[in-house]
Amino acid sequence: MKNIGKTLSALAIGISLIIVIEGLLAVAGVTPLRDKDPFVGFKGSSPVFIPKPDHLGTCYLNPAKETYFNKQEFRYPKPQRTFRIMSFGGSTTYGRPYINNTSFPHWISGILNNAQTSINFENINMGGISYASYRVRILVRGMAAYSPDLYVLYSGHNEFLESRTFQKIRNEPETLRKLRSFLHRSRIYTVISGAVSSLRKGRKTILPGSVNARLEEIGGYELYHRDPEFRKGVIAQYRDSIEGIIRFCRKKNIPLILCTLPSNLTGVSPFKSEHRPGLSAADLGEWNRLIDSAEGELGRHDFAGALNRIRSAEKIDGSFAYLQFIKGRILMELGRYEEAGKAFLMAKEEDIVPLRALETFNNAIRTLAERYQVPLADVEAAFRNVAPNGLPGNELFVDHVHPTIKGQQLIAWTVLNTAEENRILPFDPLRDELSREKAMAFLKEENDRVTPRYRAMGYWGVGRVFHWAGKYPEARTALLKAWDTVRDVAEIPLLLGDIEIIRRNPRQAMDYFQKAQEIGGEEVRTAYGMATAAIQLSEGERALGILNGIPPAERSPIRHLGLSGEALLLAGRTGEAVKNLEAAIQKAPEVRRFLFSLARAYVVKGDESYARKTFNKYAELSGLAEGDYGDFRRTTLDKFHVQGRNR
């Protein structure tokens, strides 16, 4: 008995000591691991809202954040009889391709305020352009200081935008996962874990305070390749971010509604497709022949024949996202909508540039909502329910993920239904048929009041997104619609000029660039566009003159080096051209255009070994099974009138 007593006494002392140390660490400000992002950290961040000078009690958007968030302000402390709703997410929450005026957060507060006058339902739109869930997680914590009454979370389309590294994701048993989850609550474990991690390699990525999207880097979508380990890391981080947001809201007693995310399945093809590793040249040739045949038969409405070709190609390589998209279109034409839906989903899942939320994300949202008993607004299901044949497309979306104005209203309606079912609001805005009819009438009236210019500005936004993502035919269609109405925004003709360059219409491009120059405000980008058009017209000296006119402090280093190299080559200054192009490739080794130009410069200079090596690198990045260097060399010599001699 004495031994038992001593053991219990020692145990009690040990537990007491642990409690005391935990308490001291809490006072010292140590945050347990479960409340931290284990994947990324941030540096140089600034608050989204700051006190407004000379307006005591008002917070307004930090000017440093205007690129990412809608301009707005609110009172703090919160006025009486105000119900403050904060909606978090990316550009859909923001309201893209428009602004807050037609976003779902705006429609939520609009319906509520239209239904009664005794309470002011306030919308604070926390949709950040290109913000992924791990950035939203920071916003959620920061905005809790401003007395929110409800959080709405719609996040998941931007998870693959930023580069970061992940340690290899382990498949651990459930019991070990639960033990790890328990230990992550301890501040003692947190301190020990931090000390050990600091001695190891592979520490978590530190991201800048502002978004750094890979698609905005030189090379854009060419930087994306199939990467299963990175994908696993993104999925794990997404689950952790959403779970962290849920736990934080529970801790702060902030009501939360989680939203699933729909995508445009039928109206937008994948952004980038990539063949499976190890595909032979013979198999690739046969695969291309089958796809060409399938597309031809689809155009002739021979849907059965097209499907047979697609299935044969699928046996060679079914992981190519575009194949699955074509398969979905064929099955839809055949009226086999359930199979078509599976193909369209596969096309989305296999997209090498995943700008639409993975199905894994929606499954995680539903699972976590059930596990933590968080109200779920199943927006993805709502879109399927109203879409023709259950396949969401262009009738609900203006691009790949951003809903039409009516689509934004549908999100608001779904969120309000969820809020009503869970008794979150101080009254039920959709409580009976009369209330619903009043809400529907309000939405229709507001939709009818949207001006043609506002809609045209939306087309500009759609064109920007598609241009940014490399989908140039879709971008051109949207930008031409915008240009019909909006003639005072320089970026519209600027982007149309860029697209004409891609279409190999340099004179039309130059016309657009001159219109952009007349409007003003995009001088540097316009100059680079005009220089590129001049290069396509083989006017090297003209291109050099334009490039030299760009102030050095405003130059884009990689682009300037590359375009200068191309212009110098046309002007007959081959040595200087090689030097500039080599410098450009050293800074951005995966930009195919500059690799192609450098290979040309080597041919003109007579450096056969370097020319062949550089051309083969270009061919590899272009997805060509084998590059025809001999033909490339002949056409280059003909273009630059070189008779096999050094220059």
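The values are calculated or read from the model by the stated rules, or taken from the named source; none is laboratory data. The shown structure was predicted, so the numbers you read here are calculated from the model rather than taken from an experiment. Every residue, glycine among them, receives a Cβ derived from its backbone with ideal geometry; neighbour counts consider all protein chains shown. Just so you know, the surface numbers come from the protein's heavy atoms only, side chains and all, with ligands and any DNA or RNA stripped out. Shrake-Rupley method; radii C 1.70, N 1.55, O 1.52, S 1.80 Å.
Give, in nm to one decimal, the length gained when the segment between Ala381 and Asp631 is fully stretched (0.36 nm per residue of separation minus the Cα-Cα distance).
Working: separation 250, 0.36 × 250 = 90.00 nm, distance 5.31 nm.
Answer, rounded to one decimal: 84.7 nm.
Within region 343-460, what whole-number % of the accessible surface is contributed by carbon and sulfur, with the 1.4 Å probe and all protein chains included in the calculation?
51
Considering only C-alpha atoms, what is the centroid distance from region 570-586 to region 283-330, in Å?
Each part's Cα centre sits 42 Å from the other's.
Pairs Lys587/Lys613; Lys252/Lys348; Lys342/Lys481; Lys252/Lys444; Lys471/Lys617: which exceed 27 Å Cα-Cα?
As for pairs spanning more than 27 Å Cα to Cα, those are Lys252/Lys348; Lys342/Lys481; Lys252/Lys444.
Could you tally the net charge around Ile316, taking each other residue with its Cβ under 12 Å from the Cβ of Ile316, Lys/Arg +1 and Asp/Glu -1?
Surrounding charge for Ile316 is +1.
Enter the Cα centre distance for the pair region 547-566 and region 59-121, rounded to the nearest angstrom.
Region 547-566 and region 59-121 have Cα centres spaced 41 Å from each other.
Which aspartates and glutamates does Lys251 reach when only Cα atoms under 12 Å apart count, and residues fewer than 8 places away in its own chain are ignored?
Asp35
Identify the residues of region 381-405 with backbone N under 15 Å of a label point that sits 7 angstrom from the Cα of Lys444 along the Cα-to-Cβ direction, or state none.
Inside the label zone: nothing.
Hey, with R₀ at 25 Å, roughly what FRET efficiency would Ser147 and Asn422 work out to, going by the Cβ-Cβ distance, to 0.05?
0.75
Would you mind working out the accessible area per residue for region 468-604, using a 1.4 Å probe, and quoting it in Å²?
On the way: 5830 Å² over 137 residues.
Per-residue value: 43 Å².
Given the Cα atoms of region 229-348, and with Rh set as the inverse mean 1/r over their pairs in the Kirkwood sense, what is Rg to Rh to two decimals?
Looking at region 229-348, the ratio lands at 1.16.
Say each of Thr117 and Asn363 gets a label point 7 Å from the Cα, pointing the same way as Cα to Cβ; how far apart are those two points in nm?
Calculated label separation equals 5.2 nm.
Only Cα pairs under 8 Å and at least 6 apart count here; give the relative contact order of region 61-173 as a rounded whole percent. The partial results should precede the final answer.
Values: 170 pairs, mean separation 39.2, N = 113.
Dividing the mean separation by the residue count of region 61-173 yields 35 percent.
Could you list log10 I(q)/I(0) for region 279-371 at q = 0.11, 0.15 Å⁻¹, which the Debye formula gives when each Cα is one point scatterer?
Calculated log10 I(q)/I(0) at the listed q: -0.37, -0.62.
Need the full-extension length gain, Glu349 to Glu395, defined as separation in residues times 0.36 nm minus the C-alpha distance. One decimal, nm. Walk me through the numbers on the way to the answer.
Details: separation 46, 0.36 × 46 = 16.56 nm, distance 2.16 nm.
Full extension of this stretch gives 14.4 nm more.
Can you list the aspartates and glutamates whose alpha carbon is less than 20 Å from that of Lys315, not counting same-chain residues fewer than 8 positions off?
Glu274, Asp283, Glu286, Asp292, Glu295, Glu297, Glu339, Glu349, Glu350, Asp351
Given the Cα-Cα distance of Asp607 and Arg276 and 0.36 nm per residue of separation, how much length would full extension add, in nm?
Stretched out fully, the Asp607 to Arg276 stretch lengthens by 115.7 nm.
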